[in-house]
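Visitor: Next up is a structure, given as structure tokens.
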Amino acid sequence: MEPLRMETENLTVHYGKSVGVRNVSLPVYDRKITALIGPSGCGKTTFLRALNRMHDLNPIVRIEGRVRLDGEDLYAPGVDPVAIRRRVGMVFQRPTPFPTMSIFENVVAGLRLVGVRDRERLMGVAERSLKAAALWDEVKDRLHEPAVGLSGGQQQRISIARALAVEPEVLLMDEPTSALDPISTQAIEDLLAGLKEQVTIVIVTHNMQQAARVSDYTAFFLNGDMIEFGPTERLFTNPSDPRTEAYITGRFG
Amino acid sequence: MRSRIYGKLGDRAFTALLVVLGLAVMLVAVLLAWELASGGAEAFRTFGFWGFASGSAWNAVAEQFGAWPFLLGTLITSAVALALAFLPALAAAIAIAEYAPRWLAEVVAYLIDLLAALPSVVYGLWGIFVLVPLVRDRIEQPLFLWSAEHAPALMGVLGPPTGIGMLSAVLVLALMIVPYASSLARDAIHMVPRDQREAMYALGATRWEVVRRVVLPYARGGIFAGVVLALARAIGETMAVTMLIGNSGQLPYSVFGPAATMASLIANEFAEAEGGLQLSSLLAVGFLLLLLSLAVNLIADFILRRMSVGEGRK
């Protein structure tokens, strides 16, 4: 049995009166890549955002059930969502460089939050994070230029480097390549394999081939329910639920 | 085919109409400047342009006119009013856009916008009946009495404690320009994309850290635009200032003493001007006021182009 890093137990997310995700129990294994797949509106992004308490920002959302990180319940009373988000980082669908900051300041933005001022340490972290995001060679000579001058693919790798710089235990990625061209997508898929040596990854994708290529485990969502979970190879070659089979063979979605 | 011809004709007619109306607006502005300049020509000829702008005497009897005390009065009152108004305006904008529950935000935003809709003569009256006695009894009188006992030399600088003067004018002016600075800042803060905020939250930022590191930098162009609008408003404000500032043609020597601004001078003297050089001098002051406003707007536009972020970038 693989060691667990996170798990959810009967997680339900309500949006006002409607339900986004229903009763999902999912294990997230340490230093593996778990992919969440399913058609648009199936609840995979809603589920992902429950894993670092991003739903707290939306007052109409209500969460039931448990989300555990290293055994502790993230939604237990007294848990600080700010502290959770430092341990569970997130990369969004669209690249989100901070437009008033340089490349360097973007990458170290999370360290600035915790008051790190030491120039050498910041530079060390920036270099390490940019290398991990496979961007160092492209930007090392212009670290102090605005990050918005970079291409979309580079901006997304800035977002990844920024998330990695605070050394999260888990990295959540919400369709990180859906706004990118094929070459940038390739670059990001290539770096995922290396990243999982340091960090546990949960990635939402609408692209089944991507899930099959990069992930170790896959969960299939449909209409707010998790239909099936298993090792990626098994789920794609021998799905146990007919709906999973219908989806991965392209009959809907 | 018919409809296409009609469409083309309609397009051309509409374009022509727009061009004519647009040029008419520009023509009015040019004519306005021309009218002020030609009306003030006599004063500029008599004292010279710089002589008039830097002259510090304003004496209708001796026919000596210089705009410097009023130029200075305008610059000081508007700059101080802006300095006083900026932080409260920004704080209100942040509170409304980021912190307050929606119903409260709407009420407060409405009230602040209402401040902009009040006629300035109402501010003037409020100033005379509420603020001036307050300034006189709570600030100027105690200061005056204190200096009478401990530092008699100060008394001349302080002047008699009347409450009428630059301090009251500046306080009312600050109140009047808060809504201008605040509502543009509020709009700019609202326009910061959600994904920018979420990206900072996802790094483990608190709400204040998100405001400080993402929202304010992103919105700085709009915030600055609000500052410029407020400053322009302060420079041109006439009625309330005229009612409160004391209308002294001397160089402003203390924040408590009476002074005058360019706008208040014109409002105050225009009706009684004897004609000739005095009238020309008032028009010349009007022309200088126009130049000042123009300069403020040009400088602001220059800075704004460098500050704007995202969609607002030019």
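Visitor: Mind checking the full-extension length gain between residue B:274 and residue B:64? Use 0.36 nm per residue of separation minus the Cα-Cα distance, one decimal, nm.
Guide: In short, 74.3 nm is gained.
Visitor: For residue B:78, what charge total do you get from the other residues with a beta carbon under 13 Å from its beta carbon, if Lys and Arg give +1 and Asp and Glu give -1? Present the calculation step by step, with values, prior to reporting the outcome.
Guide: Values: positive: B:233; negative: B:237.
My count for the surroundings of residue B:78 gives 0.
Visitor: Now, a different point. Expressed in nm to one decimal, what extension gain is obtained for the pair residue B:38 and residue B:251 from 0.36 nm per residue of sequence separation less their Cα-Cα distance?
Guide: Roughly 74.0 nm would be gained on extension.
Visitor: While we're on this one: If you find the alpha carbon centre of segment A:1-72 and of segment B:73-98, how far apart are they in angstrom?
Guide: 45
Visitor: Also: Apply the a/c threshold of 1.5 to the C-alpha gyration tensor of chain B and tell me whether it is rounded, prolate or oblate.
Guide: Taking the square roots of the gyration eigenvalues as a ≥ b ≥ c, chain B is oblate.
Visitor: Okay, next question. Given labels modelled 7 Å from the Cα in the Cβ direction, how far is it in nm from residue B:14 to residue B:307?
Guide: The modelled label-to-label distance comes out at 3.6 nm.
Visitor: While we're on this one: Run the helix sum for chain A: -39,500 (n - 2.57) per DSSP H stretch of 4+ residues, divided by residue count, reported at 222 nm to the nearest 500 deg cm²/dmol.
Guide: Rounded to the nearest 500, it is -9500 deg cm²/dmol.
Visitor: Taking all protein chains in place and a 1.4 Å probe, what share, in percent, of the accessible surface of segment B:67-306 do carbon and sulfur account for?
Guide: Taking all protein chains in place, segment B:67-306 shows 70 percent carbon and sulfur surface.
Visitor: Further question: Just checking the output field for B:262-270: average partner chain Cβ neighbours within 10 Å of each residue's Cβ? Don't jump to the answer; show the numbers that get you there.
Guide: Values: counts 0, 0, 0, 0, 0, 0, 0, 0, 0.
The shielding value for this peptide is 0.
Visitor: Going down the table (A:17/A:44; A:44/A:131; A:140/A:196), which pairs top 22 Å between alpha carbons?
Guide: A:44/A:131; A:140/A:196, as the Cα separations exceed 22 Å there.
Visitor: Determine the shape class of segment A:119-203: with a ≥ b ≥ c the square roots of the Cα gyration tensor eigenvalues, call it rounded for a/c under 1.5, and otherwise prolate if a/b is greater than b/c, oblate otherwise.
Guide: Taking the square roots of the gyration eigenvalues as a ≥ b ≥ c, segment A:119-203 is oblate.
Visitor: Mind checking the dipole of chain A: about its Cα centre, +1 per Lys or Arg Cβ, -1 per Asp or Glu Cβ, Debye to the nearest 20?
Guide: 480
Visitor: For chain A, what is the accessible area per residue in Å², given a 1.4 Å probe and the full set of protein chains?
Guide: Values: 10830 Å² over 253 residues.
Each residue of chain A exposes 43 Å² on average to a 1.4 Å probe.
Visitor: Once you have a ≥ b ≥ c as the square roots of the Cα gyration tensor eigenvalues for segment B:1-130, tell me rounded if a/c is under 1.5, and otherwise prolate or oblate according to whether a/b is larger than b/c.
Guide: Judged from the Cα gyration tensor, segment B:1-130 comes out oblate (a/c at least 1.5, b/c at or above a/b).
Visitor: Return the calculated 222 nm mean residue ellipticity for chain B, to the nearest 500 deg cm²/dmol, obtained by summing -39500 (n - 2.57) across DSSP H runs with n ≥ 4 and dividing by the residue count.
Guide: Counting only the DSSP helices, I get -23000 deg cm²/dmol.
Visitor: Could you tell me the calculated FRET efficiency between residue B:297 and residue B:122, based on Cβ-Cβ distance and R0 = 30 angstrom, to the nearest 0.05? Can you show the working numbers first?
Guide: Values: r = 27 Å, r/R0 = 0.91.
So the FRET efficiency works out to roughly 0.65.
Visitor: What's the center-to-center distance, using Cα atoms, between segment B:115-180 and segment B:238-305 in Å?
Guide: 19
Visitor: Here is a follow-up. For the protein assembly as shown, give the magnitude of the charge dipole about the Cα centre (Cβ charges: +1 Lys/Arg, -1 Asp/Glu; no others), in debye to the nearest 20.
Guide: Details: 50 positive and 52 negative charges, 187 e Å.
Computed about the Cα centre, the dipole is about 900 debye.
Visitor: Let me ask something else. Based on alpha-carbon centroids, what's the gap between segment A:142-220 and segment A:100-115 in Å, whole number please?
Guide: First find each Cα centre; the distance between them is then 19 Å.
Visitor: Please give, to one decimal in nm, the separation of the simple spin-label points placed at residue B:54 and residue A:240, each 7 Å out from Cα toward the Cβ.
Guide: Result: 9.2 nm between the two label points.
The values are calculated or read from the model by the stated rules, or taken from the named source; none is laboratory data. Computed from a prediction, not measured in an experiment: that's the story for all the values here. Heads up, the Cβs are rebuilt from the backbone with ideal geometry, glycines too, and the neighbour counts pull from every protein chain shown. Note: areas computed on protein heavy atoms with side chains; ligands, DNA, RNA excluded. Shrake-Rupley method; radii C 1.70, N 1.55, O 1.52, S 1.80 Å.
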